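Note sheet for the following structure.
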Amino acid sequence: GGGGVATAGVGGAEYPGPGQPHFPRERIVFDGKRMRKPIQRKTIDFSSTMIQHVFSRNYQRDYRDFSSLQPDVAWAKELGPPSSYEGNAMACGVTTKFVHTSVNKVRCPINCVLWTPEGRRLITGASSGEFTLWNGLTFNFETILQAHDTSVRAMIWSHNETWMVTGDQGGIIKYWQSNMNNVKAYPAHKEAIRALSFCPTDLKFASCSDDVTMKIWDFGRGKDEKNINWPWMGCEEYRLAPYTESYCFWF
């Protein structure tokens, strides 16, 4: 039907079959190994918006000097990060375009997803207890490590962006540095940990579990200072209210 099978010739060249152009295509060989063809990856680089924000804020006194984006492609270079639009973060903070899908080598459910503080990498916690680090710009796989023995259920960064605290299905809490070095681990609950929350000073954090308890922990000592028990229901989500000493709960 006009097609043919390419045949190998002398010197590693490939010669086309009948009906194909008759010129050899050299194989890309390096150190005796056949090289893979380069793959073009989509890249999302947000540095241009940050540079635009840093440049323009020097000439903005307050909201009176803010410029409004116009619905034209020529204004794309004036786009800033959502945080630069005070009072109107929805101006460019709504994601409407699907970009990419990344699949881990071992397919398993992903229970929690968390960006690193600088926004360059994405950390996923899987049901296998593994942490997977993904490049936040090109979406490719970077590294994987066995973080917990059971399923990872909760992850959170401290406000000073120095520590990450995680909880798993077995009720174990672990401390991680920004380089993914585990420095501390201790049993916190009898069942799965569902949520974690730091107080504004990062001196204490709270954990909520399926064993219908919420505990307030001293971050440095790793000791629980208060234990709240709801025997009639479980806590699904909660957070420490910012700038106050109160707590907010959702059931």
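Residue count for the range 55-89, restricted to those that are loosely packed, with under 11 Cβ neighbours inside 10 Å and either over 22 Å from residue 118 (Cα atoms) or modelled with pLDDT of 75 or more (or both): 18. When the residues of the range 121-143 are filtered to those that are part of a loop (DSSP other than H, G, I, E, B) and touching an Asp or Glu at 6+ places or on another chain (Cβ under 8 Å), the one that is nearest to residue 222 (Cα to Cα) is 129.
Of note, residue 190 satisfies the criterion of being outside any strand (DSSP E or B), of a type in the set (Lys, Arg) and either modelled with pLDDT of 90 or more or in contact with a Ser or Thr (Cβ under 9 Å, 6 or more places away or on another chain) (or both). Scanning the range 144-177 for residues that are open to solvent by 40 Å² or more (accessible area, probe 1.4 Å), within 19 Å of residue 127 (Cβ to Cβ) and assigned to a strand (DSSP E or B) turns up 144, 145, 146, 153, 172.
I'd like to know if the range 225-236 contains one or more residues that are modelled with pLDDT of 90 or more, outside any loop (DSSP other than H, G, I, E, B) and either open to solvent by 40 Å² or more (accessible area, probe 1.4 Å) or not hydroxyl-bearing (Ser, Thr, Tyr) (or both). Step through it out loud before you land on a result.
First, pick out the residues of the range 225-236 that are modelled with pLDDT of 90 or more: none.
No; the residues of the range 225-236 include none that is modelled with pLDDT of 90 or more, outside any loop (DSSP other than H, G, I, E, B) and either open to solvent by 40 Å² or more (accessible area, probe 1.4 Å) or not hydroxyl-bearing (Ser, Thr, Tyr) (or both).
Considering (1) in contact with a strand residue (DSSP E or B) (Cβ under 6 Å, 6 or more places away or on another chain); (2) at pLDDT 90 or above, the lone condition that residue 213 does not fulfil carries the number (2). So is residue 216 among the β-branched types (Val, Ile, Thr) and open to solvent by 20 Å² or more (accessible area, probe 1.4 Å) or not? Answer is no for this residue.
The values are calculated or read from the model by the stated rules, or taken from the named source; none is laboratory data. Since the structure is predicted, the reported quantities are computational estimates derived from the model, not experimental observations. We place every Cβ from the backbone using ideal geometry, glycine too, and count neighbours over all the protein chains shown. Surface accessibility is based on the protein's heavy atoms, side chains included, excluding ligands, DNA and RNA. Shrake-Rupley method; radii C 1.70, N 1.55, O 1.52, S 1.80 Å.
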